[in-house]
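Colleague: Before I ask anything, here is the structure I am working with.
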Amino acid sequence: MSPHVLDQAIALEPAGDDLWRGRTHAEYANFIGPYGGVTAAQLLQAVLLHPQRLGELVAFTINFAAAVADGEFHVRARPARTNRSTQHWVVEMLQDDQPVATGTAMTAVRRRTWGATEAEMPQVPPPQDLPREAARGVAWVRHYERRYAEGNVPTEWKGQGGPSSRTRLWLRDAPDRPLDFASLTAMADNFFPRLWLRRATQVPIGTVSMTVYYHADSTLLQATGTDYVLAQAQGQGFRNGYLDQAGQLWNRQGDLLATTHQLMYYKE
């Protein structure tokens, strides 16, 4: 059997010390360039593959410095500081020897401690009771099964949105793929722009920076397996050409897998 399409997209081969080579994948194309969630997963994969990595992912930030062109790229990932139980990383994606995305990551050896979750999982119908989203015009959407409970993409662009930008949906990779840090990172970028929901106006927009905080370890991700993830996102502030949104991703059992924050620019 051929590898899952996501594994094909994030595949990297060694190209030198702290350096990997990869290619964009047509199946994760967006309106302009590749889907940002997969670009994030590609940068993260270089950290996951690095022979010096200590522990598991705790946090990851990607800054989209320029449009990623279709074709080959290089990812450089190096540990900037290694402590007894934590490690800090600097990552960048290069095309024509110029950075198109930069990032930082933190990994750590997790130790069992007291824990609690104050964020409340939204109460929504189970995924089997919600219709699957129809195919859309960009390729990457085909590789997710998405079932909206609230806040779907506007059906009419009349400039008359609602009072809230909140979206809640169940999603998983299509075809099925066991959840891991790379796929969870890609899912964190699954939300369409909050401005479109608030205003029902399809203005040009793009992500500038995205951060993911991982509350799940690899054991919890493996236990979630190929089941649905409940994702929620809501805008927080819209002003002077920039907006930010906050999101959470849960498994069906109510475990908080990750929280995410994203900064976007928009034009008028």
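Colleague: Please give the FRET efficiency for T201 paired with W114, using the beta carbon to beta carbon distance and R0 = 30 Å, rounded to the nearest 0.05.
Modeller: So, using R0 = 30 Å, E works out to roughly 0.05.
Colleague: Could you list the chymotrypsin sites (Phe, Trp or Tyr not before Pro) in the range 84-189 that lie in coil according to DSSP, counting only those with at most 15 other Cβ atoms within 10 Å of their Cβ?
Modeller: Within the range 84-189, the qualifying chymotrypsin sites (Phe, Trp or Tyr not before Pro) (loop, at most 15 other Cβ atoms within 10 Å) are W114, W157.
Colleague: Still on this model: With a 1.4 Å probe and all protein chains left in place, how much accessible area per residue does the chain have, in Å²?
Modeller: Here the residues of the chain average 49 Å² of exposed surface.
Colleague: Here's a follow-up. Students often get this wrong, so try it: which of (i) 17.0, 53; (ii) 18.3, 59; (iii) 18.1, 56 is Rg and Dmax of the Cα atoms in Å as calculated from the structure shown?
Modeller: From the options (i) 17.0, 53; (ii) 18.3, 59; (iii) 18.1, 56, the structure gives (iii).
Colleague: Sticking with this one: Tell me the mean residue ellipticity at 222 nm calculated for the chain from its helices only (DSSP H runs of n ≥ 4, each -39500 (n - 2.57), averaged over every residue, nearest 500).
Modeller: Mean residue ellipticity, 222 nm, calculated: -4000 deg cm²/dmol.
Colleague: I would also like to ask the following. If you roll a 1.4 Å probe over the chain with all protein chains in place, what percent of the accessible area is carbon or sulfur?
Modeller: On the chain, the fraction of accessible area on carbon and sulfur atoms equals 47 percent.
Colleague: Taking the range 46-123, which GluC sites (Glu not before Pro) meet the DSSP loop condition and have no more than 13 other C-beta atoms within 10 Å?
Modeller: E118, E120
Colleague: What percent of all Cα-Cα pairs in the range 77-132 falls in each 5 Å bin, counting up from 0?
Modeller: Pair shares across the bins are 4, 13, 12, 10, 10, 11, 13, 14, 10, 3.
Colleague: Do any trypsin sites (Lys or Arg not before Pro) in the range 62-129 lie in a loop, going by DSSP, with at most 16 other beta-carbon atoms within 10 Å of their beta carbon, and if so which?
Modeller: Of the trypsin sites (Lys or Arg not before Pro), the ones in loops of the range 62-129 whose Cβ has at most 16 other Cβ atoms within 10 Å are R84, R110, R111, R112.
Colleague: Relative to 2.2 N^0.38 Å, what does the C-alpha radius of gyration of the range 17-165 come to as a ratio? Two decimals please.
Modeller: 1.31
Colleague: Starting from the Cα of Q123, move 7 Å in the Cα-to-Cβ direction to define the label point; list residues of the range 243-268 whose amide nitrogen is under 16 Å from there.
Modeller: Residues 254 fall inside that zone.
The values are calculated or read from the model by the stated rules, or taken from the named source; none is laboratory data. Please read all numbers here as calculations on a predicted model, not as lab measurements. For neighbour counting, all protein chains shown are included, and Cβ atoms are generated from backbone atoms with ideal geometry for every residue, glycine included. These area figures cover heavy atoms from the full protein model, side chains too; ligands, DNA and RNA do not enter into them. Shrake-Rupley method; radii C 1.70, N 1.55, O 1.52, S 1.80 Å.
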